[in-house]
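**Student:** Please see the structure below; I have some questions.
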């Protein structure tokens, strides 16, 4: 992508096809924006019915232009777009931005219309953004390109912003100016008929003027490519994304808990987590986080000092820290002594540091210096509510000077500010802070969310790459033959015996079991296996056995066994389960119940899942996901990401579960689905995990083929 998109973002000449003099039209506003932005290249209005547009000579067609053209902005009616694109191809124009709507987004003939465009673009080596978009921006003074119909001139900065929603574009540009965020480039992508978000990521990843990349996404064209591209870029440039829309679990939810839980937007979360992309939930939060990432260094830890002139906002900030995994530690004794020597007697110096309402510029200077040098502190939040007797701009300048002095001493702890007054009275204060590249927020919670994003960014940068492991002890050929036989027989669900065999092929331990068709078979199996036992109904048509009472546990003798068999037989007859057999299984009497699974997402491919197991897994939702293939680091993070991890790490005298075994099984499952693409879903629930060296075993498992 080093230069493939240059005709779009770095053109030396632009033709506006559909330019017009009529006020209130896109054709006029876009052309006017090119002129107002002082685009450094040539501009050619194209309109077959006008000889002059905005005091410029107009041409009937791009074919009438004598000069070469890099970029064509296409704003004509949808029925004329194809002809214009063909003329651009004939002219040798390599970059297009198609503003016109009426293509794939409307369905039907619009889809056909867009497919025709794609064929023309591909045949002629052209690159196009859109259709159905609002344009592109490059604020580099060498180009000064504003090829949008936005009413607001995009501010200059170091942020690349991509949005799939043209309707949001204008509001995004306007809001960016309000919060002091400047763009290096901006693109409204529309239908992504040609240039995709992945293309743009690669292009901006190589752009020296873009330090932060912001994305508003409604869909992924190629999630696997996104994974590869984003993972590389996020190592040297932060990526922040709002992803709208949710995954439809569809029929997958009917087969397993894993499928049902995967419908909770799990693929997107897993994708972003593995790629180092910071996911936010709103456009407002996107800008809050962008302020911090574009202007401040990442911290060395999660310990925050809060400096305030009012108790309430300090408490709000501390509460927000607690909810987002940040610490508010007590300042060191030496820092408290230094503060106590200068601040008023009523001030609080432990953390939060409250300089009280009468605290002025000097109090903030001393407090920032003490907190910045404190070894217990990794980042600072400075809060100011302007009292009538304190000059807000002077406080802002004191903060800016203090941060500058920090940096001069080599102290790179991030500093964020919160001025809880957006009125004109503090406009000069806001300007002073923004001029010093210090993010400023209206409320403490917004600032703390941004600070938490900085901490997550620091953790990602410190995170090793991890390794995708393969296990030499697996019986790959045997597993492939087993799956192929089931597919050839037209079966979607593996039998209990086949499931056991498949898991054993990949070294996944499973409790000893025997299938029986009669009471005599059940009794013989029990005599061979020994007590205690579990007796279950086994049937391809039965998804969750416990829902029907189809599982009887802790059978201690033959009498209980016979009684249990009769109960299950009644259930089978009552519900007309034609394919029922009976599973006799050794009972695992110790360990924690966990769930391990795989489900295929139509966009992201196989998703691996881990969580607290049992029948309540869909109620608790205490699970973690990662996209296949997972690394050893991914597996370790999955096991430790659930809220109930303390139960597995050892709790109230209980020994810790064998976490290394769980990580190994997750990686073995990852290898299994990689080796056997026809495996659609796997669910091991419950898996009874004991302490290391114990008898950890899968108790129940199901496999669905695609």
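**Student:** Would you check if there is a residue in segment 637-659 being without any contact (Cβ under 8 Å) to a residue 60 or more places away in the chain, touching a helix residue (DSSP H, G or I) at 6+ places or on another chain (Cβ under 6 Å) and surrounded by fewer than 20 Cβ atoms within 10 Å (Cβ to Cβ)?
**Tutor:** Among the residues of segment 637-659, at least one is without any contact (Cβ under 8 Å) to a residue 60 or more places away in the chain, touching a helix residue (DSSP H, G or I) at 6+ places or on another chain (Cβ under 6 Å) and surrounded by fewer than 20 Cβ atoms within 10 Å (Cβ to Cβ), which makes the answer yes.
**Student:** Condition first: surrounded by 16 or more Cβ atoms within 10 Å (Cβ to Cβ), in a helix (DSSP H, G or I) and at pLDDT below 95. Can you find one or more residues in segment 694-703 that meet it? Spell out the reasoning first.
**Tutor:** Kept after step one, since they are surrounded by 16 or more Cβ atoms within 10 Å (Cβ to Cβ), are these residues of segment 694-703: 694, 696-703.
Pick out the ones that are also in a helix (DSSP H, G or I) and you get none.
So far as segment 694-703 goes, no, none of its residues is surrounded by 16 or more Cβ atoms within 10 Å (Cβ to Cβ), in a helix (DSSP H, G or I) and at pLDDT below 95.
**Student:** Would you say residue 146 is assigned to a strand (DSSP E or B) and closer than 26 Å to residue 24 by Cα?
**Tutor:** On the way: assigned to a strand (DSSP E or B): yes; closer than 26 Å to residue 24 by Cα: yes.
For residue 146, the condition - assigned to a strand (DSSP E or B) and closer than 26 Å to residue 24 by Cα - is met.
**Student:** Here is a check on your reading of the model: is residue 504 within 22 Å of residue 658 (Cβ to Cβ), at pLDDT 85 or above and buried (at least 17 other Cβ atoms within 10 Å of the Cβ)? Write out each step before concluding.
**Tutor:** Numbers: within 22 Å of residue 658 (Cβ to Cβ): yes; at pLDDT 85 or above: yes; buried (at least 17 other Cβ atoms within 10 Å of the Cβ): no.
Judged against the criteria, residue 504 is not a match.
**Student:** Right, something else. In segment 5-25, how many residues are outside any loop (DSSP other than H, G, I, E, B) and touching a helix residue (DSSP H, G or I) at 6+ places or on another chain (Cβ under 7 Å)?
**Tutor:** The first filter runs over segment 5-25 and keeps only residues outside any loop (DSSP other than H, G, I, E, B), leaving 6-9, 13-17.
Imposing the further condition that a residue be touching a helix residue (DSSP H, G or I) at 6+ places or on another chain (Cβ under 7 Å) reduces the set to 14-17.
Total satisfying the criteria: 4.
**Student:** While we're on this one: Taking only pairs six or more apart or across chains, which ones have beta-carbon atoms under 6 Å, a first residue in segment 377-406 that is in the same structural domain as residue 351 (by TED's automatic domain parsing) and surrounded by 24 or more Cβ atoms within 10 Å (Cβ to Cβ), and a second residue that is modelled with pLDDT under 95 and in a strand (DSSP E or B)?
**Tutor:** 384/419
**Student:** Can you tell me which residues in segment 102-113 are buried (at least 17 other Cβ atoms within 10 Å of the Cβ) and within 29 Å of the chain's Cα centre (by Cα)? Give the steps one after another, and end with the answer.
**Tutor:** Step one: list which residues in segment 102-113 are buried (at least 17 other Cβ atoms within 10 Å of the Cβ), which gives 103-104, 110, 113.
Answer for segment 102-113, where residues must be buried (at least 17 other Cβ atoms within 10 Å of the Cβ) and within 29 Å of the chain's Cα centre (by Cα): 103, 104.
**Student:** Next question, about the same structure. Among the residues of segment 459-483, which ones are under 21 Å from residue 669 (Cβ atoms) and free of Cβ contacts under 8 Å to residues at least 40 places away in the same chain?
**Tutor:** Scanning segment 459-483 gives 472, 473, 475, 477, 478, 481, 482.
**Student:** Also, I was wondering about something else. Only one of (1) without any contact (Cβ under 8 Å) to a residue 24 or more places away in the chain; (2) under 23 Å from residue 322 (Cα atoms) is not met by residue 374, so which one is it?
**Tutor:** Status for residue 374: all satisfied but (1).
**Student:** Given the conditions (1) farther than 28 Å from residue 436 by Cα; (2) free of Cβ contacts under 8 Å to residues at least 40 places away in the same chain; (3) buried (at least 24 other Cβ atoms within 10 Å of the Cβ), which single one is not true for residue 154?
**Tutor:** Failing condition for residue 154: (1).
**Student:** Is it fair to say residue 388 is outside any helix (DSSP H, G or I) and over 36 Å from the mean Cα position of the chain (by Cα)? So that I can check it myself, show each step before the final result.
**Tutor:** Values: outside any helix (DSSP H, G or I): yes; over 36 Å from the mean Cα position of the chain (by Cα): yes.
In short, yes.
**Student:** Yes or no: segment 369-376 includes at least one residue that is buried (at least 24 other Cβ atoms within 10 Å of the Cβ) and within 26 Å of residue 434 (Cβ to Cβ).
**Tutor:** Yes, the conditions are met somewhere in segment 369-376.
**Student:** Also, I was wondering about something else. When only residues in segment 505-531 that are assigned to a helix (DSSP H, G or I) and either touching a helix residue (DSSP H, G or I) at 6+ places or on another chain (Cβ under 9 Å) or in contact (Cβ under 8 Å) with a residue 60 or more places away in the chain (or both) count, which is farthest from residue 555 (Cα to Cα)?
**Tutor:** Narrowing segment 505-531 to residues assigned to a helix (DSSP H, G or I): 505, 519-529.
Within this subset, residues satisfying the condition of being either touching a helix residue (DSSP H, G or I) at 6+ places or on another chain (Cβ under 9 Å) or in contact (Cβ under 8 Å) with a residue 60 or more places away in the chain (or both) are 505, 519, 521-523, 526-527.
Details: 505: 29, 519: 15, 521: 16, 522: 12, 523: 12, 526: 10, 527: 12 Å.
Residue satisfying both the conditions and the ranking: 505.
**Student:** Report those helices (runs of 4 or more DSSP H) wholly inside segment 260-361 carrying at least 1 residues which are modelled with pLDDT of 95 or more and more than 25 Å from the chain's Cα centre (by Cα). Write out each step before concluding.
**Tutor:** Values: elements: 266-275, 283-295, 311-323, 333-340.
In segment 260-361, 311-323, 333-340 are the helices (runs of 4 or more DSSP H) which contain 1 or more residues that are modelled with pLDDT of 95 or more and more than 25 Å from the chain's Cα centre (by Cα).
**Student:** While we're looking at this one, here's another question. Restricting attention to strands (runs of 3 or more DSSP E) lying wholly within segment 559-625, give those where 3 or more residues are modelled with pLDDT of 80 or more and over 23 Å from the mean Cα position of the chain (by Cα).
**Tutor:** Details: elements: 581-586, 592-601, 605-612.
Strands (runs of 3 or more DSSP E) meeting the threshold: 581-586, 592-601.
**Student:** For segment 652-691, how many residues meet the condition of being within 24 Å of residue 534 (Cα to Cα) and assigned to a loop (DSSP other than H, G, I, E, B)?
**Tutor:** 4
The values are calculated or read from the model by the stated rules, or taken from the named source; none is laboratory data. Being a predicted model, the structure only gives us computed values, none of them experimental. Methodologically, a virtual Cβ is constructed for each residue, glycine included, from the backbone with ideal geometry; neighbour enumeration extends over all protein chains shown.
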